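Notes for the one structure printed next.
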Amino acid sequence: MTSRVFLGMLTPSSNTILEPVTTAMLAGLAEVTAHFSRFKVTEIALSGPALAQFDDAEILRAAELLAHARVNVIAWNGTSSGWLGFERDVRLCERITQATGIPACTAMLALNELLARTGAQRIGFVTPYLDDVQARINANYAQAGYTVVADRHLGMRDNFSFSEIGAGELRAMTREVAAAQPDAIAIVCTNMRGAPLAEELEARHGIPVYDTVATTVWKSLQVAGVDTKRVKGWGRIFEV
């Protein structure tokens, strides 16, 4: 029997997109399955209660449950370090590994690795977030040395509602960002249906599209020792 590979995913409690999309991405890899552990996340904002949702203690409890399944990697399949600061994810990965003995990764650190590996400096964002959350994301990327040439965001805060954004709206937002000719477009939110559109959008605009559900799968497979080029139909990301 081929050795099984288990990808552990830490999932916002109100997210309904990342689980089915992740499973669909892995459908062609017979030995690989994804397993999910949730913790409470219902809104995305800069208020005290909203920021408190990302307390490491809650995330670590969910990670410890994943460890019971002997997963090969534990990934934070969420984008909170985009506005909280990337160092937050670095520390979280360290704490997960310390607590479980399992290597860890995150959606946003994977995105940043992709940008660095492909030499993308001018980036564009498509997100559902509030103005101040998006401004924080843009500032964090500027501080990291990137130029944010365009963004389109929807001013929303309810995490569940992000899953109801339609493909037509995502196509229109991406088209507007693509007009600025960034080196890469990042669809930042793991509760939007960006990943299934990536290949189509790349063909239309000629620009790499990195959705954060896909970045999590890409890095998780790498950590688990699985060739990402085996994932077909989900865009250029799996060729990097």
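Among DSSP beta bridges whose residues both lie in the chain, state the antiparallel percentage, nearest 5.
Numbers: 1 of 29 bridges.
Close to 5 percent.
Which distance in nm do the two modelled labels at L46 and E169 give, with both placed 7 Å along the Cα-to-Cβ direction?
Spacing of the two 7 Å Cα→Cβ label points: 2.3 nm.
Based on the mean of other Cβ atoms within 10 Å per residue, sort peptides 211-217, 190-196 so the most packed one is first.
Most protected by this proxy first, the peptides run 211-217, 190-196.
Normalising by the residue count of the chain, find the relative contact order in percent from Cα pairs under 8 Å and 6+ residues apart. Please list the in-between numbers first.
Details: 475 pairs, mean separation 53.4, N = 240.
Averaging sequence separation for qualifying contacts and normalising by length gives 22 percent for the chain.
What is the calculated FRET efficiency for T33 to Q121, with r their C-beta to C-beta distance and R₀ = 45 Å, to the nearest 0.05?
That pair, T33 with Q121, gives E of 0.80.
Give the calculated FRET efficiency between E176 and R4 to the nearest 0.05, with a Förster radius of 41 Å applied to their Cβ-Cβ distance. Write down the numbers at each step before the final one.
Numbers: r = 43 Å, r/R0 = 1.04.
Once rounded, the FRET efficiency stands at 0.45.
Using Cα centres only, tell me the gap between the range 68-140 and the range 182-240 in whole Å.
Each part reduced to its Cα centre gives a spacing of 15 Å.
Between A67 and Q143, with labels modelled 7 Å along Cα→Cβ, what's the label distance in nm to one decimal, could you check?
Between A67 and Q143, the simple spin-label model gives 3.0 nm.
For A24 and D56 in one chain, what is 0.36 nm times their gap in residues minus the Cα-Cα distance, to one decimal in nm?
Computed gain between A24 and D56 is 8.6 nm.
Multiply the residue gap between A203 and V240 by 0.36 nm, knock off their C-alpha separation, and tell me the result in nm, one decimal place. It would help to have the intermediate numbers written out before the result.
Numbers: separation 37, 0.36 × 37 = 13.32 nm, distance 1.66 nm.
Using 0.36 nm per residue and subtracting the Cα-Cα distance, I get 11.7 nm.
Determine, for each peptide in 139-149, 6-16, the mean count of other beta carbons within 10 angstrom over its residues, then list the peptides with the highest first.
Details: 139-149: 14.9, 6-16: 22.5.
In decreasing order of mean packing, 139-149, 6-16 become 6-16, 139-149.
What size of dipole, in debye to the nearest 20, comes out for the range 20-97 about its Cα centre when the only charges are +1 on Lys and Arg C-beta atoms and -1 on Asp and Glu C-beta atoms? Provide the component values of the computation, followed by the final result.
Values: 7 positive and 9 negative charges, 26 e Å.
Using only the charged Cβ atoms, the result is roughly 120 debye.
Could you work out the relative contact order of the range 109-211, using alpha carbon pairs under 8 angstrom and six or more residues apart, expressed as a whole percent?
It comes to 31 percent, rounded to a whole number.
Every number here is computed from the coordinates shown, using simple stated rules; none is lab data. Given the structure is predicted, the values throughout are model-derived calculations rather than measurements. A quick note on method: Cβ atoms are made from the backbone with ideal geometry, for glycine too, and the neighbour counts reach across all protein chains shown.
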